[in-house]
């Protein structure tokens with residue numbers, strides 16, 4: 001649910017999937033009913049009599065991924081099972097076919113299981129649930145297929161399959177997510193071309209066609225207009241600007257059918273678009289960073305409110321405390337920051353370039369650069385083709401890259417010299433001169449500020465020509 005589209009009800013079989021499970025010990029295909037409090041899986045026979053007890057899950061790609069991840073976290077011994085995702089109206093039929101293949105495997109079994117199986121991180125490659133074969137039955141949880149994308153439309157945006165893959169954006173698009181960063185696009189309108197930065201997603205229209213949705217950057221969230229019937233209070237606005245989340249449940253109205261939908265609202269922090277999520281799709285984990293949540297804490301998060309947790313354990317094994325809150329855009333519980341003062345958040349609002357003076361930053365450099373840290377970069381090339389190095393920092397206030405030959409933070413490192421490139425770049429790229437090298441015709445090298453060969457020494461000693469140098473002294 002977003003500013004443009006509000007979700008229609010999806011309680012019918014048309015919009016639901018059923019989870020089937022293969023118990024490796026019992027060698028039975030059954031339907032998932034739920035999970036008991038002790039983490040044991042509840043199942044029922046996949047027949048018409050038990051159909052009302054089948055667990056129904058939303059077909060939507062990213063919501064299903066979030067649900068299934070939480071589902072596995074609550075389950076004891078998930079490696080004892082293989083899970084399958086099938087359409088609700090065909091669940092019993094598919095379950096019967098699968099059971100027949102388990103009892104009496106045929107050559108067509110592999111295709112049937114691959115078509116419906118959910119890929120899990122804990123599963124080993126090349127391990128089939130059917131012990132009579134050695135083939136892999138894993139599939140990925142992609143919502144879209146490559147062939148469904150209109151590549152001509154992508155081309156009109158200045159994008160191609162190769163470019164999306166290089167930017168690591170194709171995989172999240174196929175899984176049904178928005179791109180996790182802004183994408184520079186060129187929108188060709190025939191008589192005019194518009195260039196902009198936006199997040200992209202794939203969406204399915206009512207006629208089944210897959211289209212590219214463009215989520216452009218807004219100057220600010222549109223608080224002054226009703227949002228599906230909701231009028232923002234002063235406190236609502238302050239919360240959304242400070243944390244990105246409104247902090248309460250409100251009733252929104254579906255403009256298509258007038259349905260009242262209890263929802264939470266967050267801000268897309270890259271585009272400042274308002275995003276809503278209906279409360280029946282909120283999934284709260286049992287545990288966050290080592291802290292088990294009680295029912296009251298879960299209810300607080302379900303209501304969209306922030307929750308302060310103490311005694312969490314970081315990846316480094318260190319205890320810490322922080323506030324957490326469910327984010328409607330991300331569809332999971334996030335750690336809270338003050339978005340009005342947080343430098344990392346501010347840098348996310350800007351388009352942080354990955355390439356500086358022709359040098360592409362690696363992933364580690366780019367992450368530090370986006371966070372506002374100073375990054376040492378070697379392999380830069382001046383206008384005469386000679387390499388040099390220096391330090392770059394992204395300036396959030398100017399949205400520009402600051403460059404320095406010296407480390408602004410004065411960090412000492414034996415492999416990171418300070419002065420060696422100054423003369424080279426000044427002479428080669430900026431047209432300046434140096435008394436000790438002003439008559440040398442060859443481009444200067446790194447660390448060079450005097451003649452370094454007999455030829456250059458001879459050139460420097462020759463009588464000056466009539467014409468004066470137009471360069472500036474350094």
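Descriptive notes on the structure:
- Residues 259, 101, 360, ranked from the fewest to the most other C-beta atoms within 10 Å, line up as 360, 259, 101.
- Hypothetical label at residue 214: residues of the range 140-184 whose amide nitrogen lies under 14 Å (7 Å Cα-Cβ projection): 153-159, 183-184
- Of the peptides 198-210, 78-90, the order by per-residue mean of other Cβ atoms within 10 Å, starting with the highest, comes out as 78-90, 198-210.
- If R0 is 45 Å, the Cβ-Cβ spacing of residue 163 and residue 315 corresponds to a FRET efficiency of close to 0.90.
- Here the Debye sum runs over all C-alpha atoms of the range 234-328 as equal scatterers in vacuum, and log10 of I(q)/I(0) at q = 0.25 Å⁻¹ comes out as -1.26.
- Solvent-free Debye scattering, log10 I(q)/I(0), computed from the Cα coordinates of the range 167-275 at q = 0.23 Å⁻¹: -1.26
- Within the range 146-216, all pairs of alpha-carbon atoms sorted by distance into 5 Å bins from zero give the percentages 4, 16, 29, 29, 15, 7, 1.
- Cβ crowding within 10 Å averaged over residues, with 321-329, 281-289, 143-151 ranked highest first: 321-329, 281-289, 143-151
- Directionally averaged shadow of the range 13-116, computed from the convex hull of its alpha-carbon atoms, nm²: 6.6
- Contour minus Cα-Cα distance for residue 70 and residue 153 (0.36 nm per residue): 26.3 nm
Throughout, read-outs are computed from the coordinates displayed, never taken from laboratory work. Every value quoted in this text rests on a predicted model; they were computed, and no experiment measured them. Please note: Cβ atoms are built from the backbone with ideal geometry, for glycine as well, and neighbour counts cover all protein chains shown.
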